[in-house]
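Notes for the one structure printed next.
The values are calculated or read from the model by the stated rules, or taken from the named source; none is laboratory data. Everything numeric here is computed off the predicted structure, so don't read it as measured data. Positions of Cβ are generated from backbone atoms using ideal geometry, with glycine treated the same way; all protein chains shown enter the neighbour counts.
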Amino acid sequence: MMAARLLLARSYESPRITFTLCGLLALLGYSMVMLLDASGASPSSDDILVKVTSPTEVHGSAGQIIRIEGTISNVGSKSTSNSGGIAYISIVDLVAKVPVDLEDWSAEKGLYIPSIEPGQSLPLEWNVRLVKAGSYTIDILFNRDSDLSSPPFSSSKIFLTVQPKFNLNPENILPVAFGVPAVLLAILGSVNYYRGRKTGIYG
Amino acid sequence: MTLELYKSEISGNFYSLRGTSWIVAASLIFSLVAYLLLTDKELSLLDQGEMLFTLSEIVISLGTIMAVTSASSTISTEIESKTFESLLLTPTSSRQIAFQKLLSITTSWFFLYVIAIPYLIAISNGTNLSLSSILYIGIYGTLLVVGFSAISIALSAKLKSSKNSVMVALMVLLIMLAPSIFFATSLKKSSFGMAIENINPVSHAMNSLDNVLVDNQQSLFEQASHLLEVSIFAVICLAILTYSSRRFEVSPVV
């Protein structure tokens, strides 16, 4: 307030500052008009609805491929041209409390939707390969092209539990993995020792 | 013809703890691979056929690398250490020297292969792939080891320098291994990749193992074209060695 008064007081002192102040006020007015105009043109923030249609609790084992299905609907009444965007899934590891890198989990990370007409509903589908055992949540998210600064629309969560899977039996592998080098060392060491004794190296 | 040189090479390779350290190292590599196939979060998801194929690639790659390294210095080391003259003074022809050295390297491969068999059996347990994996790895490994060793011995005798012959032989081998190990699937399916794979014996061996272990095409008839290509490669390499070993020169290149 003090700064504004000071500025106003000074503006009387110089015609150049008066001109600058008027320019700033004009810009502010223009921005407010544009903002009002923009909010009128774009769909409101609650006209997109993302739903999960596949089961919301999934139990699987590592290596299995599951299908995440959902729908995205434009429940607004106004016909707008900028209701398109990108729908994608997000997987969060509940144990490590970190989002999962989808590189190994799903080849189809994002689905681009050019536009959704009012009242229209589109199916969404992802095939997800369960890579690692653990507990996860999966969300379907939608980011609208015209409104990148606002938070994405999200579905309800899918709770996923992945059990470990062993294609190999540890009881077969571990004895071989540890046993073969040990047996070889024992045989070669013995051969070397007896040969050394024969030639007099070990007395 | 006696096999004195072969016996002396083998005794050098197997009768001392230092000489046999490569056997233990090879078994540790196989153990590490088997352990990773069991415990790694991504490798453990592979089917048993794919796991066997992974191990078979490692067995053959390790065998050929070991054979090439050993063969490419076998004559040049004798020349550099000035023991080759005395070797030539024995009643053994140049060709016999070359082929006895080839036989000793093939024997080393045989030991490596025998060490790999318990791992192959353990990984293929519960499938019908045990015998096929052992048979095909044996056939392809032996043919490739014989072929690459023959070329490497010829190179070693020609270049007379261990450093040069080892480098050249390893480069040739790595170029041959590259399509199977380093090429992505998309590159393999391109016309360039397919052309390379058609003329490359290592690719034929790996693709055949893929067919046998992953796609379950186990009969010899189904793999006849691959077997023929790899056999032709081995025969050509043996012919090159036969020709180049008709008379060895002793004096090193200055």
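Any chance segment B:44-54 includes a residue that's out of contact with any Leu (no Cβ under 8 Å at 6 or more places or on another chain), at negative phi and not aliphatic (A, V, I, L, M)? Walk me through it before giving the result.
Looking only at segment B:44-54, we keep the residues that are out of contact with any Leu (no Cβ under 8 Å at 6 or more places or on another chain), and these are B:45, B:47.
Checking which are at negative phi leaves us with B:45, B:47.
Filter once more, keeping what is not aliphatic (A, V, I, L, M): B:47.
Yes, segment B:44-54 contains at least one residue that is out of contact with any Leu (no Cβ under 8 Å at 6 or more places or on another chain), at negative phi and not aliphatic (A, V, I, L, M).
Restricted to segment A:119-140, and to residues that are part of a strand (DSSP E or B) and of a type in the set (A, V, I, L, M, F, W, C), which residue is farthest from A:Ser77 (Cα to Cα)?
A:Val128
Hey, among the residues in segment B:34-55 that are at the interface with chain A (Cβ under 9 Å from one of its Cβ atoms) and of a type in the set (A, V, I, L, M), which one's nearest to A:Lys132 (Cα to Cα)?
Selected residue: B:Leu45.
Please state which one of A:Ser190, A:Ser156 is in the same structural domain as A:Asn143 (by TED's automatic domain parsing) and either under 30 Å from A:Ala87 (Cα atoms) or more than 37 Å from the chain's Cα centre (by Cα) (or both).
None of the other options fit; the residue is A:Ser156.
Residue-wise test of (1) loosely packed, with under 15 Cβ neighbours inside 10 Å; (2) out of contact with any Gly (no Cβ under 9 Å at 6 or more places or on another chain); (3) under 30 Å from A:Ile72 (Cβ atoms); (4) without any contact (Cβ under 8 Å) to a residue 24 or more places away in the chain.
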| residue | (1), (2), (3), (4) |
| --- | --- |
| A:Asn143 | no, no, yes, no |
| A:Ser146 | no, no, yes, no |
| A:Phe153 | no, no, yes, no |
| A:Gln163 | yes, no, no, no |
| A:Phe178 | yes, yes, no, yes |
| A:Leu184 | no, yes, no, yes |
| A:Thr199 | yes, yes, no, yes |
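Consider segment B:70-85. How many of its residues are part of a helix (DSSP H, G or I) and surrounded by fewer than 18 Cβ atoms within 10 Å (Cβ to Cβ)?
Residues meeting the conditions: 3.
Does segment B:1-43 hold any residues that are in a loop (DSSP other than H, G, I, E, B) and polar (S, T, N, Q), and which are they? Full working, then the answer.
To start, the set of residues in segment B:1-43 that are in a loop (DSSP other than H, G, I, E, B) comprises B:1-3, B:15-20, B:40-42.
Scanning segment B:1-43 gives B:Thr2, B:Ser16, B:Thr20.
Going through segment A:127-141 one residue at a time, which ones are out of contact with any Gly (no Cβ under 7 Å at 6 or more places or on another chain) and not acidic (Asp, Glu)?
Once the filter is applied, which keeps residues that are out of contact with any Gly (no Cβ under 7 Å at 6 or more places or on another chain) and not acidic (Asp, Glu), segment A:127-141 yields A:Asn127, A:Val128, A:Arg129, A:Val131, A:Lys132, A:Ala133, A:Gly134, A:Ser135, A:Tyr136, A:Thr137, A:Ile138, A:Leu141.
Would you mention how many residues in segment B:45-68 are surrounded by fewer than 18 Cβ atoms within 10 Å (Cβ to Cβ) and among the acidic types (Asp, Glu)?
2
Looking for whichever is modelled with pLDDT under 90 and either in a helix (DSSP H, G or I) or not assigned by TED's automatic domain parsing to the domain that holds A:Ser90 (or both) here; the options are A:Asn172, A:Asn143. Which one fits?
A:Asn172
What helices (runs of 4 or more DSSP H) completely inside segment B:126-191 contain at least 3 residues that are in contact with a Gly (Cβ under 7 Å, 6 or more places away or on another chain)?
Filter on segment B:126-191 gives an empty set.
Out of the residues in segment B:91-119 meeting the condition of being touching a residue at least 24 places away in the same chain (Cβ under 8 Å) and of a type in the set (Val, Ile, Thr), tell me which one is surrounded by the most Cβ atoms within 10 Å (Cβ to Cβ).
My answer is B:Ile105.
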